[in-house]
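Enquirer: Below is the structure I would like to discuss, written out as structure tokens.
Every number in this text was worked out from the coordinates using simple rules, so none of it is lab data. This is a predicted model, so every value here is computed, not measured. Note: ideal-geometry Cβ built from the backbone for every residue, glycine included; neighbour counts use all protein chains shown.
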Amino acid sequence: MIPARPLTPEVEALLARREERGLERLRHAGYEPASPWPGREDHPWSVRCACGAVRVSTLRRVEGGEPCRACWNSEHPAALGASAGAGGQ
Ligand SMILES: [Zn+2]
């Protein structure tokens with residue numbers, strides 16, 4: 001496999017640094033990566049919440065405080081449907 005654009009050591013170092021920063025920022029936001037660093041903070045990234053739920057978001061969105069749906073549901077049980085109270089699955 002021949003890369004279309006050979007990366008210079010400087011670019012490789014920059015990309016490695018960016019990935020490191022991205023992972024650091026993701027963990028700081030309370031998530032673990034569930035797929036490799038997508039390369040950019042606004043690209044879709046599969047991330048795992050501390051509760052165990054995995055979802056596709058972007059670094060920018062999780063840093064911006066986008067709530068995990070599973071966590072949000074457990075914190076707002078009433079929002080699941082107050083009228084369906086006695087139901088269950
Ligand atoms: Zn969660």
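Enquirer: Grab the Cα-Cα distance for Arg18 and Arg48, subtract it from 0.36 nm times how many residues apart they are, and report the gain in nm with one decimal.
Expert: Working: separation 30, 0.36 × 30 = 10.80 nm, distance 1.99 nm.
Fully extending the segment from Arg18 to Arg48 adds 8.8 nm.
Enquirer: To the nearest 0.05, what FRET efficiency results for His28 and Ala78 with a Förster distance of 30 Å applied to their C-beta separation?
Expert: Computed FRET efficiency for His28 and Ala78: 0.50.
Enquirer: Just to confirm the number: angle between the C-alpha axis of helix 9-28 and the first principal axis of the chain, 0 to 90 degrees, nearest 10?
Expert: 20
Enquirer: I've got another one for you. Using the crude model of +1 on Lys and Arg Cβ and -1 on Asp and Glu Cβ, and no other charge, please compute the dipole size for the range 24-74 relative to its Cα centre, in debye to 20.
Expert: On the way: 8 positive and 6 negative charges, 21 e Å.
Taking the Cα centre of the range 24-74 as origin, the dipole is about 100 debye.
Enquirer: Let me ask another. Given Cα pairs under 8 Å that are at least 6 residues apart, what percent is the relative contact order of the chain?
Expert: Working: 82 pairs, mean separation 16.1, N = 89.
Computed value for the chain: 18 percent relative contact order.
Enquirer: Something else about it: Comparing Pro77, Pro38, Pro67, which has the greatest mean-square fluctuation in the GNM of the chain with Cα pairs linked when under 10 Å apart?
Expert: Pro77
Enquirer: Continuing with this model, one more query. If you wrap a convex hull around the Cα atoms of the chain, how much volume per residue is inside, in Å³?
Expert: Per-residue hull volume (Cα only) is 127 Å³.
Enquirer: Turning to a different aspect of this structure: Over the range 24-74, what is the relative contact order in whole percent, taking alpha-carbon pairs under 8 Å and six or more residues apart?
Expert: Rounded, it is 31 percent for the range 24-74.
Enquirer: Would you mind checking the radius of gyration and Dmax of the range 24-74 based on alpha-carbon positions, in Å?
Expert: For the range 24-74, the Cα radius of gyration and maximum Cα-Cα distance read 9.8, 32 Å.
Enquirer: Okay, moving on. Report the charge-dipole magnitude of the chain in Debye, nearest 20, computed about the Cα centre from +1 at each Lys and Arg Cβ and -1 at each Asp and Glu Cβ.
Expert: For the chain, the charge dipole is close to 120 debye.
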